[in-house]
Amino acid sequence: MCVTCLVDQFFPEVGIATVNSLRKAGVDVDFPSDQTCCGQIAFNGGFQSEAKKIAERFLDIFEGESYVVVPSGSCASMIKVYYLELFQDDPVLLERAQKLSERTHELSEFLVNVAGHQNIDASYHAKVTYHDACHLLRELGISDEPRELMKSVEGLELSEMQDSDRCCGFGGLFSVKYPEISKAILEEKLRNIESSGADILVANDCGCLMHIRGAMSRQGMKQEAMHIAQLLSPDADRS
Amino acid sequence: MAEVKTAKFKKASSQAVSDPKLQNTLEHVMGHFIEARAGAIEEFGDESWDQMRERASSIKKHALENLDYYLDLIDRTIQKNGGHVHFAKDTQEANRIVLDIAKKAEAKRVIKSKSMVSEEMGLNKALEKAGIEPVETDLGEYIIQLADEPPFHIIAPAMHKTKQEVSELFQDWLRTAPTQDIKQLCIIARDALREKFSTADIGVSGANFVVAETGTVVLVTNEGNGRMTTSTPKIHIAVSGIEKVLPAIEDVGLFLRLLPRSATGQRITSYNTFVSGPKFSTDEDGPEEFHLIMVDNGRLNLMRDPEFREALKCIRCGACLNTCPIYRKVGGHSYGWVYPGPIGAVITPVLTNIKQSKDLPYASTLCGACRDVCPVKIDIPKLLLKLRHMAVEGDSSQRSVSWIERLMIGQWRKTVSTRSSIERATNLARFLQVVVTKKGIIRNLPLPLISGWTKSRDFPALAPKSFAQLWQEKFSEETDG
Ligand code: SF4
């Protein structure tokens with residue numbers, strides 16, 4: 001398991017929920033303790049040489065694992081898609097990156113397609129709405145799996161918001177480089193969350209979650225923002 | 001060349017997001033375009049739509065890879081049809097060619113149908129300077145010509161103007177009575193333009209496609225002004241970017257399906273005009289002289305790089321603008337040059353000045369929505385990333401990233417290079433954050449970059465313990481055992 005920087009430092013409860021959901025699906029979970037970051041922030045900023053160094057380190061750490069599961073659409077995209085671009089001129093590293101890419105999965109997709117757990121034995125009584133994180137949806141093409149998982153949670157009602165596939169305006173560095181534009185985009189997302197009538201906003205990416213949650217708490221909204229793993233793990237069961 | 005104001009992106013975009021009227025218009029019009037597009041492509045189903053895009057992409061790619069051959073072919077076929085082909089290296093040369101033709105014909109008035117390349121050229125200003133009256137005849141272009149503004153959107157240049165504003169422009173320029181009735185406004189414009197059509201010496205059009213095999217300029221329009229422009233005056237000049245080439249006439253059908261559906265959500269536009277040269281001696285009407293000006297203006301810089309070459313496939317449908325979360329908030333003028341939105345953020349820096357346009361490639365969340373709608377499958381996020389890479393590691397004409405950012409990323413890289421350094425750094429931050437944290441959130445963080453975040457959003461405090469620590473305490477034994 002690669003927990004991602006945000007989960008590691010800001011949202012460890014998501015990491016715990018990820019471990020629990022995986023274990024529940026009968027998966028043996030290992031956490032290579034040397035892990036740090038996938039390098040996405042540098043890559044997106046145009047700092048390819050810096051990103052390469054971190055990506056190479058990532059390859060070293062995770063190469064031995066049978067699967068790498070990531071509870072984030074954008075970090076999984078970095079590893080699965082962008083590492084191949086990063087190493088396109090280096091045949092040796094490219095081959096290693098290709099192998100790692102094939103074995104890397106985003107959490108919900110792994111649970112459904114690899115572990116074969118469309119039905120998760122969990123119950124959570126709430127009305128939720130789902131935000132399609134951009135990279136999860138458009139780089140990895142994942143939109144059905146998380147919805148399937150949520151539908152299998154007892155007591156959970158999924159109320160789709162309008163334009164669930166529209167960006168929340170995070171975009172990593174974009175959110176601090178262009179705070180006003182980012183905020184304007186986010187406002188639209190908040191309105192759609194509000195009118196879905198859901199109590200909880202669910203997403204599979206802590207970048208989006210941190211962004212949306214940050215505005216929810218600033219504006220004193222009563223809704224919560226949660227990672228999908230938190231609905232699936234027994235710890236999250238509040239029913 | 002049209003004035004380049006890309007350096008003002010930050011200022012212009014923050015003004016745009018705080019203009020409620022503009023925000024309202026953007027949401028309304030963009031929403032309409034997106035819905036119309038979705039409706040128009042539904043009949044094909046995802047798979048065949050995707051196949052059509054793939055095919056269009058490969059035709060364009062082929063044409064670009066063999067551009068020298070096709071440009072030469074266009075030169076020959078159009079000459080055979082009795083027309084003239086000119087190649088212009090830059091907008092200055094392109095303007096000069098138009099002015100030479102106009103002077104020879106002693107032209108006083110030029111009517112124009114919509115052409116983005118002529119916007120690049122700043123043709124209207126060049127004509128005015130030479131004492132020739134240019135008149136835009138596309139309704140939207142006519143409105144922004146009266147307002148003296150650049151286009152706001154590739155296919156809807158005056159979408160930001162309300163009925164009221166249009167009425168006011170007409171009152172000022174045409175001395176007409178105020179009205180909010182759209183039909184009435186159209187009639188006013190129609191009457192004003194009618195007179196111009198019948199008295200113009202030259203018609204200037206753009207070109208949606210230029211077919212090499214037959215020497216045909218294809219125009220896709222809705223108002224019929226394109227047909228008037230290309231057939232009423234004695235001289236027709238078409239201006240086109242060199243990338244608009246399609247190899248054969250049979251290729252056009254596919255693009256005529258893709259373009260209007262992606263642009264306005266129409267299955268077909270009201271007028272599809274094919275012009276292959278001046279009128280034949282047996283024709284009763286049509287221009288006596290036909291010129292095609294193929295303009296480079298930096299496109300060869302895109303051509304030279306196989307990745308950037310992809311951007312030349314663009315058929316200017318505007319779909320990427322409509323779906324872009326950024327464009328939908330900042331609108332067209334913020335981008336500071338002729339082409340706004342995602343495709344503008346890619347081509348403007350290369351066609352104008354990379355350093356001056358440094359903010360454009362970063363004005364994106366890389367969400368990928370543009371790539372999904374593009375009818376010729378341009379991977380716009382990839383090209384934005386390429387421009388960002390150039391801003392960091394390119395040559396001196398490309399590097400624009402500040403030393404502070406370089407320092408920060410360098411420091412970040414050192415920190416995440418070992419687990420112990422990340423623990424050291426975050427433990428220090430945990431100690432310091434107490435000062436600014438309340439109930440696990442930070443409302444104001446006076447640090448460079450981050451302060452932008454906390455203006456409108458709370459920032460989470462670092463968790464008391466990292467996941468790595470929790471794993472050690474909670475799970476590692478179970479696993480080890
Ligand atoms: S890049 Fe694609 S979507 Fe955007 S205007 Fe060009 S053809 Fe249309």
Next item on the list: Compare the Cα positions of B:GLN433, B:LEU470, B:ILE404 along the charge dipole of the stretch B:403-480 (+1 at Cβ of Lys, Arg; -1 at Cβ of Asp, Glu; about the Cα centre) and return the one farthest towards the positive end.
Entry: B:ILE404
Notebook entry, point to check: Taking a ≥ b ≥ c as the square roots of the eigenvalues of the Cα gyration tensor of the stretch B:176-275, is the shape rounded (a/c under 1.5), prolate (a/b larger than b/c) or oblate?
Noted result: oblate
Next item on the list: Work out from phi, with θ = phi - 60° and the Karplus expression 6.51 cos²θ - 1.76 cosθ + 1.60, the ³J(HN,Hα) of each residue of the stretch B:65-82, listed in order in whole Hz, and give x for Gly and Pro.
Entry: 5, 10, 4, 4, 4, 6, 5, 5, 5, 4, 4, 6, 5, 5, 4, 4, 7, x
Note to self: For the stretch B:298-355 and the stretch A:142-213, what is the centre-to-centre distance using only Cα atoms, to the nearest Å?
What the structure shows: 28 Å
Checklist line | 10 Å Cβ neighbours from other chains, averaged over peptide B:7-14 | finding: 2
Margin query: Amide H of A:GLU224 versus every other amide H placed in the peptide plane: which residues, excluding those fewer than 5 positions away on the same chain, fall under 5 Å?
Written below: A:ILE200, A:LEU201
Notebook entry, point to check: Tell me, how many Å apart are the Cα centres for the stretch B:426-471 and for the stretch B:86-163?
Noted result: 54 Å
Note to self: With the crude spin-label approximation of a point 7 Å out along Cα→Cβ, what separation in nm comes out for A:SER152 versus B:ASN301?
What the structure shows: 5.3 nm
Notebook entry, point to check: In whole Hz, what ³J(HN,Hα) sequence does the stretch B:417-431 give by Karplus (6.51, -1.76, 1.60; θ = phi - 60°), x for Gly and Pro?
Noted result: 7, 9, 5, 5, 5, 5, 5, 4, 5, 6, 5, 4, 5, 4, 5
Check: What share of the DSSP beta bridges in the protein assembly as shown is antiparallel, in percent to the nearest 5?
Finding: 25 percent
Notebook entry, point to check: If you build the Cα gyration tensor of the stretch B:39-132 and take the root of 5 times each eigenvalue, what three semi-axes come out, in whole angstrom, biggest first?
Noted result: 35, 20, 12
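Below 8 Å, C-alpha to C-alpha, sequence gap of six or more: please give me the relative contact order for the stretch B:67-300 in percent. Before the final figure, lay out the partial values.
On the way: 430 pairs, mean separation 65.1, N = 234.
That works out to 28 percent.
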Checklist line | B:THR216 long-range amide H proximity, modeled H, under 5 Å | finding: B:VAL211
Next item on the list: List the residues whose amide H sits under 5 Å from the amide H of B:ILE293, counting only those 5 or more places along or on another chain, with H placed 1.01 Å from N in the peptide plane.
Entry: B:HIS86, B:ALA238, B:VAL239, B:SER240
Check: Can you give the charge dipole size of the stretch B:67-300 about its Cα centre, rounded to the nearest 20 debye, using +1 on the beta carbon of Lys and Arg and -1 on the beta carbon of Asp and Glu?
Finding: 320 debye
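How large is the dipole of the stretch B:403-480 about the Cα centre if only Lys and Arg carry +1 and Asp and Glu carry -1, each at its Cβ, rounded to the nearest 20 debye?
Roughly 480 debye for the stretch B:403-480.
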Check: Once the Cα atoms of helix B:91-104 and of chain B are each reduced to a long axis, what angle between those two axes, in degrees from 0 to 90 to the nearest 10, is obtained?
Finding: 10 degrees
Next item on the list: Whole Å is fine, so just give me how far the alpha carbon centre of the stretch B:243-269 lies from that of the stretch A:18-37.
Entry: 50 Å
Checklist line | Partners for B:LYS474 among lysines (Cα-Cα distance below 25 Å; same-chain residues under 8 apart left out) | finding: A:LYS24, B:LYS439, B:LYS465
Check: Can you tell which of B:ALA461, B:GLN15, A:LEU137 lies farthest toward the positive end of the dipole of the protein assembly as shown, using +1 and -1 charges on the Cβ of basic and acidic side chains (Lys, Arg; Asp, Glu)?
Finding: B:GLN15
Notebook entry, point to check: Quick one: what do you get for the stretch B:403-480 if you divide its Cα Rg by 2.2 N^0.38 Å?
Noted result: 1.31
Margin query: With θ taken as phi - 60° and the coefficients 6.51, -1.76 and 1.60, list the Karplus ³J(HN,Hα) couplings across the stretch A:194-202 in order, rounded to whole Hz; mark glycine and proline as x.
Written below: 4, 7, 6, x, 7, 8, 10, 9, 10
Check: Given charges of +1 on the Cβ of Lys and Arg and -1 on the Cβ of Asp and Glu, with all other atoms neutral, how large is the dipole of the stretch B:59-155 about its Cα centre, in debye to the nearest 20?
Finding: 340 debye
Note to self: Angle check, please: helix A:12-24 long axis (alpha carbons) against the longest principal axis of chain A (alpha carbons), in degrees 0 to 90, nearest 10.
What the structure shows: 90 degrees
Item checked: Per principal axis, descending, Cα span of the stretch B:233-382 in whole Å -> 57, 33, 29
Check: What residue among B:GLY203, B:TYR70, B:GLN164 has its Cα farthest toward the positive end of the dipole of the stretch B:67-300, where the charges are +1 on Lys, Arg and -1 on Asp, Glu, each on the Cβ?
Finding: B:GLN164
Next item on the list: Please state, to two decimals, what the Cα-based radius of gyration of the stretch A:124-239 comes to when divided by 2.2 N^0.38 Å (N = residues).
Entry: 1.02
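Here, each number is a calculation from the coordinates, and none is a lab measurement. Everything numeric in this text was worked out from a predicted model, so none of it was measured. As a convention, Cβ positions derive from the backbone with ideal geometry for all residues, glycine included, and neighbour counts pool all protein chains shown.
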